[in-house]
1. How many residues are surrounded by 19 or more Cβ atoms within 10 Å (Cβ to Cβ), more than 28 Å from the chain's Cα centre (by Cα) and not β-branched (Val, Ile, Thr) if we restrict to region B:409-437?
2. Which is in a loop (DSSP other than H, G, I, E, B), out of contact with any Phe, Trp or Tyr (no Cβ under 9 Å at 6 or more places or on another chain) and either modelled with pLDDT under 90 or more than 9 Å from chain B (Cβ to nearest Cβ) (or both), of A:83, A:103?
3. If I go through region B:139-160 residue by residue, how many of them are assigned to a helix (DSSP H, G or I) and either small (Gly, Ala, Ser) or outside the structural domain of residue B:128 (by TED's automatic domain parsing) (or both)?
4. Among the residues of region B:240-259, how many are of a type in the set (A, V, I, L, M, F, W, C) and over 18 Å from residue B:21 (Cβ atoms)?
5. Where in region B:299-395 are there helices (runs of 4 or more DSSP H), lying fully within it, with 2 or more residues that are more than 17 Å from the chain's Cα centre (by Cα) and either more than 30 Å from residue B:68 (Cα to Cα) or acidic (Asp, Glu) (or both)?
6. Do we find a residue being out of contact with any strand residue (DSSP E or B) (no Cβ under 9 Å at 6 or more places or on another chain), modelled with pLDDT of 95 or more and not in a helix (DSSP H, G or I) anywhere in region B:76-86?
7. If I filter region B:218-235 for residues that are in contact (Cβ under 8 Å) with a residue 12 or more places away in the chain, surrounded by 23 or more Cβ atoms within 10 Å (Cβ to Cβ), farther than 25 Å from residue A:106 by Cα and more than 18 Å from the chain's Cα centre (by Cα), do I get at least one hit?
8. Identify all residues within region B:385-441 that are within 19 Å of residue B:360 (Cβ to Cβ) and of a type in the set (Asp, Glu); write none if there are none.
Amino acid sequence: MSAIDELRKAVIAGEDDAAQEWAQKCVAEGVNPMEAVNVMGDALRELGIQFQNMEVFLPEVLLATDAFKAGLKVFEPELAKAVQGDAKKEKVKVVIATVKGDVHAVGKDMVATMWTVAGFDVKNLGADVDSEAIIKAAEDFGAKIIGLSALMSTTIPHQKEVIDFLEAKGLRDKYKVLIGGGSTTPQWAEQIGADGWSKDAVEAVEVANRVLGL
Amino acid sequence: MTRKELLFKCLRHEETERNAWVTMAGVHAGFIKGYTADEVYQDADKLVESLLEVDRLYRPDGLILLFDLQLEAEILGCTIKWEHNSPPCVRSHPLEENMVIPTKKITREDGRMPLVIETARRIKAAVGDEVALYGLFCGPYTLASHLRGTNFFRDMRKHPEYVHELMAYCAELGTQMADIYIEEGVDVIVPVDPVVSQVSPKHFNEFIAAPYKILFDHIRAANRFSSFFVCGNATHLIEPMCLTGPDSVAIDENVDIKVAHEICDRHNVAIGGNIPLTTALLLGNQLDNMKAGIDLIDRMNTKRNFIVQPGCDMPYATPVENVIALSQAVLNTDKTRELVANYEMTDLDVDVDLPDYEHLEKPLLEAFLLDPDACAACTYMWASACDMKKHFGDRIDVVEYRYNNIPDISRTRKMAVAQLPSLYLNGKMIYSSIIPNPEDLIKQIEEVL
């Protein structure tokens, strides 16, 4: 099995040490870093689909994300060179946060990772972020998408609050607002006027591309 | 039969006269009385006052004392951040970088336990004969993740022995919480474990099932009922949860409750759920919530092993009238079906003359009600109006309109009354769903005398 296949296997298995080791071998063997990262991304997406189908669960996906990140770190210097050479191609900027009062960050971080894998320029604002701060960060960063996560039934009203604030400031049309999180539903998204909802990180990529017409 | 006895019948898996009904009013209880979430969860007087109002307005069969999954975490050293309109949240995890097993036990004196105990005692004394009290505590898996943070998920693969040990510790704390509730005469003991839905059946059986079995056996041995609350899509875990031996489980709208009920029925476990929290309760109107209740009851079509309840802890600012509407659907199902039909029929309006509010001879207090014979909140609203009549005598007029006959329905619509029950003074809405206190109402009437 080639180094790149072993790398894919390590991400699927959620083995961060192995992912790092095989990523180093890929670099040593001169594997194209973009190709290697794409393979890891495909592995993560594959696992994400299994997650959607409830064939694997949060711990497995979390470990696979760790493995992806471990591999990605190895390729980062190579990728930086590639990006410099391709500076004209501007990435779509997005911000993502877990709303105020909610400290749950696992799902939100997975979406951030998947969006990064998909080629977006992601600013992860963290968890328990005030609605005003989210909007300010989106403005400062020049984002086109605002991603809002909320796990608790008692905090999801803050997703609506961000949309209400955007409308009150006359900024609503400037952003696509995507929401998700354990207590959210597509009906809720529609009701609060969000531009999209996804049940997991894989779907979040599809939704982001769709709302941007990509 | 009291409401409590009806719920007990359901938890004994007997058929009930109507479906059992449990509100999930955590911080929402404070909202009813105008208290913020941090006020109501730190002040026994405010909490008791709020819970009594939940009982008075919504007439549940089971009353949740405190829906706060951070209580134990706070005692164990997690930093808590308080919010005005949601429960507190855990901001730090003491075991995040420190893989040890704590030894701290939960005692009656720790943290906010005195508040829990005082609340349980006072609520028990006030309404405990009528309504079953639910004592909630943080389930062991969620508590372990509070203590250890996200690393706890990684530990399941990398350090399984540690997970077993930490789960055993957290389950022991659960037993201590259960014992305190049992000693205080609480009727239904409930571990709430929202994070459980995130694991596979394999991991559930490996790490979670055994501690829960011990916990539920312990509660049963103390002659109390139990319930296992989860949130999120726990479809894949309904059967494993039943096998741990609770008397009931509770699920949210992510789970198909009809399918889940069939599984629970096979294990003779009752199931509670799963009125949508946001689309219906938070953002819907009264009709939406009556319909949500009626639709659920009709779809389930059973009075055995089924409890109507919101999918999880209700959002703080859930409109009171929506919960009243939901309670009507459960407590007076047939009448509510009629009300829903009345709401939906657009062609039954008849001509009614509204009073000339600008030229009234004396103040006019109008109560727009659902059905005061059936709706507790309507009864209180009407009683408030009648008290004013007693107080002011012939100096004011007081009238009631019921949403069960065509002229009154037409009048309610013509006045554009958004929520029932509502109280109008001289054609202007002064109270909607919230029952006024007499002093305030007297003052308002005196101002227009």
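1. 3
2. Answer to the check: A:103.
3. Final tally of qualifying residues: 2.
4. The number of residues fulfilling the criteria is 5.
5. In region B:299-395, the matching helices (runs of 4 or more DSSP H) lie at B:333-344, B:376-392.
6. Checked region B:76-86: at least one residue is out of contact with any strand residue (DSSP E or B) (no Cβ under 9 Å at 6 or more places or on another chain), modelled with pLDDT of 95 or more and not in a helix (DSSP H, G or I).
7. yes
8. Result: B:394, B:397, B:400.
The values are calculated or read from the model by the stated rules, or taken from the named source; none is laboratory data. These figures come from a predicted structure and were not determined experimentally. Positions of Cβ are backbone-derived with ideal geometry, glycine not excepted, and every protein chain shown enters the neighbour counts.
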